[in-house]
1. May I ask for the net charge around Tyr143, where only other residues with Cβ less than 9 Å from the Cβ of Tyr143 are counted and Lys, Arg are +1 while Asp, Glu are -1?
2. In debye, nearest 20: dipole of the range 220-377 around its Cα centre with unit charges on the Cβ of K, R (+) and D, E (-)?
3. In the structure displayed, which of Lys152/Lys266; Lys123/Lys209; Lys175/Lys234 lie more than 27 Å apart, Cα to Cα?
4. Choose one of His38, Ile22, Leu6: the residue whose Cα lies farthest towards the positive end of the charge dipole of the range 3-78 (beta-carbon charges +1 Lys, Arg; -1 Asp, Glu; about the Cα centre).
5. Relative contact order of the chain, please, whole-number percent, based on alpha carbon pairs below 8 angstrom and at least 6 residues apart.
6. Where the only charges are on Cβ atoms (+1 Lys, Arg; -1 Asp, Glu), what is the dipole of the chain about its Cα centre, to the nearest 20 debye?
7. If each DSSP helix of 4+ residues adds -39,500 (n - 2.57) and the sum is divided by the residues in the chain, what number results at 222 nm, nearest 500 deg cm²/dmol?
8. Pull up the cross-link candidates among the aspartates and glutamates for Lys329, meaning alpha carbon to alpha carbon under 13 Å and not fewer than 8 places away within one chain.
Amino acid sequence: MDTQNLIVINGNEFTFTPGETILQVARRNSIPIPTLCHLKKANPTGQCRICVVEVEGARSLVASCAAPAGPNMVVRTETPAVVEARRLVLQLMLSSGNHNCAARVSDDNEWSRFQLEVNRYDKTDALCPVWGDCELQHLAYQYQVSAERFPKTEVPYEMEDVNPFIVRDFSRCIKCGRCVQACNDVQVNNAISFGYRGTDTKIVAAEDKALKDSDCVFCGECVQVCPVGALVEKNARYDVRPWECEKVRTTCSYCGVGCQLWLHVKEGKVVKVSGVEDVAPNYGSLCVKGRFGFDFIHSPERLTDPLIKENGKFRKATWDEALNLVARKLGDIKEKNGGDSIGVLTSARVSNEENYIANKFTRAVLKTNNIDHCARL
């Protein structure tokens, strides 16, 4: 074994590929290191400092998401110094803004006062909209911390809910930068960035406009990667809790790319859509239609049965009856006027296999080359 490509993590030797970070080697070998700012599809920043580890010989703790693995490097991931550093960062994050989860404070009276303040801000008596699905909350429980060590840091920016898709709650933003990387490095929309400085730091659209007035295309990539409740789907905010939903995997129907979706189903109704991570072809990314365009599923105007028009009115029919009618009509037209009197339109929304079948049907059965597709079907 090449000793130059060996690293020791928590007393165990592991091989690594040059260029891999300590975090990548650890996770590949099932060694947990927590992160908040890390985004797999973007360059690491080491900004949140939650992933710090001890490296033998280093003068200070090292951000494992950004530090490359080195030959014979000795790493420890859960020493007292590491744990204390993570606890400090978590306490600072919890003390900034309206993180009204059960991890916020331990004193009942203080909790009630704080919760009432947040209720007035949120205009609801519910807990945080991502309660139970927040990475900051999970880590606060894991490291047994609350925000009482530091005074609350007030956030000077109002909530933005003027667009139909995304609520931007700056009071819950931890400035991890994942949304900025998702927008700029993954989707390459370049709609948002860091603005201002110090305690006034804010994630801004161009010229600090609302998203609806910016270059945002509402793909929702920022929502999917946000580790807290700063970015939430407007139609799901407070109404969708993870334990209330069943996740069903399916394929997006809007085009032929085949993006993989998680349908979040509550009481038999789709209430939210997210992208399936680490799976081709989209690897979690979606467009605005795939992520937010699902209301048609439960629309009362949606057709659920074939309809046949008789005497100027539609009536419900069985699939066999409808298909037999279509086959008979096409056969009559072909026999009377020839195959070239018929044209077929397919759709860019269906799969390549379905378009292939339509093509074979048009040319081999109808005996015509009159086939095209319409992207708007």
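Bear in mind these aren't lab numbers, they're just calculated from the coordinates by the rules spelled out. Just so it is clear, the model here is predicted, and its values are computed rather than measured. Please note: Cβ atoms are built from the backbone with ideal geometry, for glycine as well, and neighbour counts cover all protein chains shown.
1. Taking every Cβ under 9 Å from that of Tyr143, the sum is +2.
2. It comes to approximately 380 debye.
3. Check vs 27 Å cut-off fails for Lys152/Lys266.
4. His38
5. RCO, the chain: 10 percent.
6. I would put it at about 940 debye.
7. -7000 deg cm²/dmol
8. Straight-line reach from Lys329, under 13 Å: Glu321.
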